[in-house]
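The structure is given below, and queries will be raised subsequently.
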Amino acid sequence: MIYKEYGKTKKLVSAIGFGGMRFEKENGRYNIDKCVELLAEANKLGINYFDTAPGYNDDQGEYIFGEAFKNMTKEFYVSTKSIAKSGLELRKDLERSLRRMNVDKINFFHIWCVLNMDDYKSRIVKNGAYEAALKAKEEGLIEHIVISTHCHGDEIASIIEDNLFDGITIGYNILNFPYRKNGLKAAYESGWGVATMNPLDGGIIPLNANYFEFIKSDNDKSVVETALRFNLSHKEITTVLVGFSNLEQLYENVRYCNEIRTIDESRLQAIEKKLSKTLNELCTGCRYCEKCPQGVEIPKLMIAYNQKMLKGLEQGLVCLRLDWGLSTENASLCTGCGVCENKCTQHLPIIERLKDIQNWVNN
Ligand code: SF4
Ligand code: SF4
């Protein structure tokens, strides 16, 4: 395993981190023993950055991590998050995370899912979340306060100017890098550690491997290898979070990591030329928007919309009907309340897309 310094903290963190969002279910339930085994095996292979959050895996993620931590044989760092705006709420979240994972402190505690600059400002106000995190740090309950954000590159650069955090977690990959690379550069130059999430764009790359063939380098076995190699080869990125579902994926990804070959600048420029703005406007399937009060199956409909954007209307309908068993009528339940758009990590115009989906059959 390759280790890199997490910015000014000087902590040596594995180049691949365990993203705890994608454990597999069996017959509709998580097999806790299997999830724990996967985490333990990752630690044996040298992964030492373990990232989870309240709500992950039907809110069982932190318990599963806590079980695995009991028997880990190598040193490890715990990363979790709070989406709270108020100091009181953050404190409650932190204490719950400590309890669930049965640890004395969180090594990397995230002010989580900052969507835009207004949201950022709301976390750092007096008596707000950031202040509570600082107090918890003084008490030894948090080691490093970090931030996770879905902002664009310029906004990220402006957050970094405030210099309130030790590190940042951002969605960064071979498809969206033109939109975030100035933020990444600013973080590195300011001595912040950087974790990247969604290296495979939430599964969009492997699910549409033929479409993305143009990103594949000659010596790579698959577009997945190229995509991971892209993130791993950045000096600015400390750890690439991969959402492992099974041992096979774990072994494969650790192998890529042990053989890091960089992608040269001219190749990146060629890829950047081929990327259209469309690719930064895809739903990543993160499911932050999923609890629609009207019962609209938002993430599923947005994934079908991805297919329309990438391959045309017919494929959008195939995805909607065959992959998800839905009809366009589900989109018509939307009342336009806007709750989902305020939560969307990609800032997608969900309401407008739902209106479009309602008309698919009529086109
Ligand atoms: S805008 Fe529509 S889809 Fe979004 S939460 Fe409101 S009703 Fe549901
Ligand atoms: S619509 Fe937005 S919030 Fe919902 S799953 Fe897609 S990217 Fe995530």
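The values are calculated or read from the model by the stated rules, or taken from the named source; none is laboratory data. All of these numbers come straight from a predicted model, not from anything done at the bench. Neighbour counts run over all protein chains shown; Cβ positions are idealised from the backbone, glycine included.
Taking segment 42-64 as the region of interest, how many residues are in a strand (DSSP E or B) and in contact (Cβ under 8 Å) with a residue 60 or more places away in the chain?
Residues flagged as in a strand (DSSP E or B) and in contact (Cβ under 8 Å) with a residue 60 or more places away in the chain within segment 42-64 amount to 2.
Another question about this same structure. Answer yes or no as to whether Ile237 is within 29 Å of Glu24 (Cβ to Cβ) and within 16 Å of ligand 2 (Cβ to nearest atom).
Considered against the rule, which asks whether it is within 29 Å of Glu24 (Cβ to Cβ) and within 16 Å of ligand 2 (Cβ to nearest atom), Ile237 comes out as no.
Yes or no, residue by residue, for (1) closer than 26 Å to Asn173 by Cα; (2) within 12 Å of ligand 2 (Cβ to nearest atom); (3) of a type in the set (Lys, Arg):
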| site | (1), (2), (3) |
| --- | --- |
| Glu272 | yes, no, no |
| Tyr288 | yes, yes, no |
| Met309 | yes, no, no |
| Leu326 | no, no, no |
| Ser332 | no, no, no |
| Thr345 | yes, yes, no |
| Val361 | no, no, no |
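Test each condition in (1) buried (at least 18 other Cβ atoms within 10 Å of the Cβ); (2) without any contact (Cβ under 8 Å) to a residue 60 or more places away in the chain; (3) more than 16 Å from ligand 2 (Cβ to nearest atom); (4) closer than 30 Å to Gly55 by Cα for Glu248 and report the one that comes out false.
Glu248 satisfies every listed condition except (1).
For residues that are surrounded by fewer than 24 Cβ atoms within 10 Å (Cβ to Cβ) and either hydroxyl-bearing (Ser, Thr, Tyr) or under 18 Å from the mean Cα position of the chain (by Cα) (or both), tally how many sit in segment 35-52.
The qualifying residues number 1.
OK, next. Answer yes or no: is there a residue in segment 270-284 that is in the same structural domain as Ile204 (by TED's automatic domain parsing), surrounded by fewer than 16 Cβ atoms within 10 Å (Cβ to Cβ), on the phi < 0 side of the Ramachandran plot and of a type in the set (A, V, I, L, M, F, W, C).
yes
A further question on this structure: Test Lys235 against the criterion of being free of Cβ contacts under 8 Å to residues at least 12 places away in the same chain and either over 18 Å from His150 (Cβ atoms) or assigned to a helix (DSSP H, G or I) (or both), and give yes or no.
no
Confirm whether Ile32 is surrounded by fewer than 18 Cβ atoms within 10 Å (Cβ to Cβ) and not hydroxyl-bearing (Ser, Thr, Tyr).
Taking the combined requirement at face value, the residue satisfies it.
Being over 25 Å from Asn116 (Cα atoms) and within 14 Å of ligand 2 (Cβ to nearest atom) is the filter; apply it to segment 347-359 and report the residue that is surrounded by the fewest Cβ atoms within 10 Å (Cβ to Cβ).
Asp356
Sticking with this structure for a sec: Restricting attention to strands (runs of 3 or more DSSP E) lying wholly within segment 75-174, give those where 3 or more residues are crowded, with 21+ Cβ neighbours inside 10 Å and among the hydrophobic types (A, V, I, L, M, F, W, C). Spell out how you get there, then give the answer.
Numbers: elements: 77-82, 106-114, 142-149, 167-171.
The strands (runs of 3 or more DSSP E) meeting that bar are 106-114, 142-149.
Additional query: If you check Glu314, Glu352, Glu341, which single one turns out to be out of contact with any strand residue (DSSP E or B) (no Cβ under 6 Å at 6 or more places or on another chain), within 9 Å of ligand 1 (Cβ to nearest atom) and part of a helix (DSSP H, G or I)?
Of Glu314, Glu352, Glu341, the one residue that is out of contact with any strand residue (DSSP E or B) (no Cβ under 6 Å at 6 or more places or on another chain), within 9 Å of ligand 1 (Cβ to nearest atom) and part of a helix (DSSP H, G or I) is Glu341.
State which residue pairs qualify: first residue closer than 18 Å to Gly285 by Cα and inside segment 325-340, second residue away from ligand 2 (no atom under 15 Å from the Cβ) in any location, beta carbons under 6 Å apart, and separation of 6 or more residues or different chains.
Partner pairs satisfying both residue conditions: Ala331/Gln358.
Lys44 versus (1) farther than 19 Å from Asn102 by Cα; (2) modelled with pLDDT of 95 or more; (3) in contact with a Gly (Cβ under 7 Å, 6 or more places away or on another chain): which is the lone unmet condition?
Lys44 satisfies every listed condition except (3).
Can Thr226 be described as touching a strand residue (DSSP E or B) at 6+ places or on another chain (Cβ under 6 Å), in contact (Cβ under 8 Å) with a residue 12 or more places away in the chain and assigned by TED's automatic domain parsing to the domain that holds Ile64?
no
A further question follows. May I ask you to verify whether Lys300 is within 14 Å of ligand 2 (Cβ to nearest atom) and surrounded by fewer than 20 Cβ atoms within 10 Å (Cβ to Cβ)?
no
How about segment 274-306: which of its residues are more than 16 Å from ligand 1 (Cβ to nearest atom), touching a residue at least 24 places away in the same chain (Cβ under 8 Å) and outside any loop (DSSP other than H, G, I, E, B)?
Those that are more than 16 Å from ligand 1 (Cβ to nearest atom), touching a residue at least 24 places away in the same chain (Cβ under 8 Å) and outside any loop (DSSP other than H, G, I, E, B): Lys274, Thr278, Leu279, Asn280, Glu281, Asn306.
Can you find a residue that is within 25 Å of the chain's Cα centre (by Cα) and buried (at least 16 other Cβ atoms within 10 Å of the Cβ) anywhere in segment 319-333?
yes
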